[in-house]
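Asks: Quick one: the structure is below, questions incoming.
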Amino acid sequence: MSVGAYLQLSIAVALATIALKAGAWWFTGSVSLLSDALESLVNLAGAMFALWMVTVASRPPDAEHPYGHHKAEYFSSGFEGILIFAAALGIVWAAVLRLLDPQPLQAVGLGLVLTVAGSVMNGALAFAMLRHARKQRSMALEADARHLFTDVWTSAGVVAGVLAVQATGWLWLDPVTAIAVAINILREGSSLVRRSVDGLMDARLEPEVLRDIDAVLARFRGPAIRFDHVHSRRAGQRRFVDLHLHLPAGWTLDRAAALRNAVEQALMSAVPGLRASIQLLPSDVEAHVDAVDVDETEDRP
Ligand SMILES: [Zn+2]
């Protein structure tokens, strides 16, 4: 299944879950079940936005965006993080009102059956999506799957809370559970926002990928051939590396270009999705670079 197909499926599941959980809230009057339903609403909005952004990310490069549109995925996880904050505030608001005016719960058995049914659907989908997201390195899909998992855990907490209200008769436990759900949602939201900021700030490639790049360069290194100024960055599923290839000044341009081409081919076949920019320079000439002189393949343990 493609990333897009998973996101479409997650929209369908979110719709069904919202109906089930809204029903659970409607029958019981429980604010903690309302908080659970609101979280599913966030899932729906997040999945729809992610689907749109994955569609944008998969567009080929154009004149306006010559490096492609991969970073669109980072908007998706950032947006979902912001939605989560809004949902958490709404839950706290409803819970505080209920704390001030406690209400007994109705039809608890029916409410819990509906909630559990929704959670089982979410859990199965989240598990399948997370596995696929890891394989495809899709930020949007991973954000969506992680969010679904949070939803399953919060539902479990809410079910336990509602059962405890029934067992003890402590009506305040229902809004307190809802506030706990809100705090948990906030934690997840802030980690999503942090991840998308990392992506937008051009974090370098993963250490294991840098090791692969270094291994390729080692094959070409020689007494007269040197690589330096290796800089990398990530943009969604696309990876970039820039580096210098220093050669003896006496080489013909033909010979230098052939070596450059071989290095580029080797890098691209070692690291899928990599775009390499290799600058050719004579051994004793250094290009003007504004970046700090950090060779990423050498400063790792
Ligand atoms: Zn250099």
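The values are calculated or read from the model by the stated rules, or taken from the named source; none is laboratory data. Keep in mind that what you see is a predicted model, and the values were worked out from it rather than measured. Cβ: placed from backbone, ideal geometry, glycine included. Neighbour counts: every protein chain shown. Please note that ligands, DNA and RNA were not included when accessible areas were found on the heavy atoms of the full protein model with its side chains. Shrake-Rupley method; radii C 1.70, N 1.55, O 1.52, S 1.80 Å.
Asks: In the range 215-257, which residue that is basic (K, R) and within 27 Å of R204 (Cβ to Cβ) is most open to solvent (accessible area, probe 1.4 Å)?
Replies: Among them, the one singled out is R219.
Asks: Still on this structure: Is it the case, given these coordinates, that R239 is away from the ligand (no atom under 14 Å from the Cβ), closer than 30 Å to R137 by Cα and not assigned by TED's automatic domain parsing to the domain that holds M139?
Replies: Yes; evaluated as a whole, the condition is true for this residue.
Asks: What number of residues in the range 184-212 are outside any helix (DSSP H, G or I) and either touching a Ser or Thr at 6+ places or on another chain (Cβ under 8 Å) or open to solvent by 60 Å² or more (accessible area, probe 1.4 Å) (or both)?
Replies: Residues meeting the conditions: 4.
Asks: Next question, about the same structure. Within the range 60-67, is even one residue part of a helix (DSSP H, G or I) and open to solvent by 20 Å² or more (accessible area, probe 1.4 Å)?
Replies: no
Asks: Output the number of the condition that G4 fails; it satisfies all remaining conditions of (1) of a type outside the set (D, E); (2) open to solvent by less than 30 Å² (accessible area, probe 1.4 Å); (3) touching a Leu at 6+ places or on another chain (Cβ under 6 Å).
Replies: (3)
Asks: Taking P272 as meeting all but one of (1) within 15 Å of the ligand (Cβ to nearest atom); (2) under 27 Å from V3 (Cβ atoms); (3) in a loop (DSSP other than H, G, I, E, B), write down the number of the exception.
Replies: All conditions pass for P272, except number (1).
Asks: Please indicate, with yes or no, whether at least one residue in the range 169-183 is within 30 Å of M53 (Cβ to Cβ), loosely packed, with under 15 Cβ neighbours inside 10 Å and over 15 Å from the mean Cα position of the chain (by Cα).
Replies: Looking through the range 169-183, at least one residue is within 30 Å of M53 (Cβ to Cβ), loosely packed, with under 15 Cβ neighbours inside 10 Å and over 15 Å from the mean Cα position of the chain (by Cα).
Asks: Moving to a separate point now. Regarding the range 207-220, can at least one residue be identified that is within 14 Å of the ligand (Cβ to nearest atom), touching a helix residue (DSSP H, G or I) at 6+ places or on another chain (Cβ under 6 Å) and under 30 Å from R59 (Cβ atoms)?
Replies: No; the residues of the range 207-220 include none that is within 14 Å of the ligand (Cβ to nearest atom), touching a helix residue (DSSP H, G or I) at 6+ places or on another chain (Cβ under 6 Å) and under 30 Å from R59 (Cβ atoms).
Asks: Another one. Just to be sure, is L281 modelled with pLDDT of 90 or more, within 13 Å of the ligand (Cβ to nearest atom), over 28 Å from the mean Cα position of the chain (by Cα) and closer than 24 Å to V209 by Cβ?
Replies: Judged against the criteria, L281 is not a match.
Asks: Right, something else. Only residues that are closer than 13 Å to L274 by Cβ and of a type in the set (G, A, S): list them for the range 218-254, please.
Replies: Once the filter is applied, which keeps residues that are closer than 13 Å to L274 by Cβ and of a type in the set (G, A, S), the range 218-254 yields S232, A235.
Asks: Could you grab me the full set of residues in the range 14-50 that are in contact (Cβ under 8 Å) with a residue 24 or more places away in the chain, over 18 Å from the mean Cα position of the chain (by Cα) and open to solvent by 20 Å² or more (accessible area, probe 1.4 Å)?
Replies: L15, A16, I18, L20, W25, F27, G29, L34, L38, L41
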